[in-house]
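Working notes for the structure below.
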Amino acid sequence: MSVKTLVEQGLIKLKPSAAYVMQHAEYGFTVNLPLEVVLQDNFLMATHFNGQPLEPDHGYPLRGVVGHIPAQPGLEAPYFWKGAKWLRGLEFMPHDREGFWEQAGYHNRADVWKEERFG
């Protein structure tokens, strides 16, 4: 299910100050994204893949997934990017904070096509 759908259905109520989202996952792992990316159709909170529940190695019980949807050009992230396995919660924030990999020195956008590897 998409976060966009959860917001539209009123299950998530965003504060006007929300501009970024931190995905909190198992073992203290975190992944940061702009809210504009999380609210696109290509950010999903997945529980299944190909009709089967996710396996633990692939993020069971819940995984954030950012991917390209070919029928909708212009969406951010043309590949799997900045999605957390073993997702435990979403934190909506007014300002960006570094996630796990950014704290370790990696680039905040990490666009593979632009070879953005290190910050």
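Here are the numbers for this structure:
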| read-out | value |
| --- | --- |
| Selection from region 62-71 of residues that are closer than 12 Å to LYS85 by Cα and either in contact (Cβ under 8 Å) with a residue 24 or more places away in the chain or in contact with a Lys or Arg (Cβ under 8 Å, 6 or more places away or on another chain) (or both) | LEU62, ARG63, GLY64, VAL66 |
| Which listed residue is of a type in the set (A, V, I, L, M) and touching a helix residue (DSSP H, G or I) at 6+ places or on another chain (Cβ under 6 Å), from LEU62, LEU54, LEU33, LEU39 | LEU39 |
| Residue match in region 9-19 (condition: among the small types (Gly, Ala, Ser), more than 22 Å from HIS95 (Cα to Cα) and modelled with pLDDT of 95 or more) | yes |
| Verdict on LEU75 being under 15 Å from SER2 (Cβ atoms), at pLDDT 95 or above and in a loop (DSSP other than H, G, I, E, B) | no |
| Scope region 28-61; condition of a type in the set (D, E, K, R) and in contact (Cβ under 8 Å) with a residue 12 or more places away in the chain; matching residues | GLU36, ASP41 |
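The values are calculated or read from the model by the stated rules, or taken from the named source; none is laboratory data. The structure presented is a predicted model; accordingly, all values stated were derived computationally and were not measured. Positions of Cβ are generated from backbone atoms using ideal geometry, with glycine treated the same way; all protein chains shown enter the neighbour counts.
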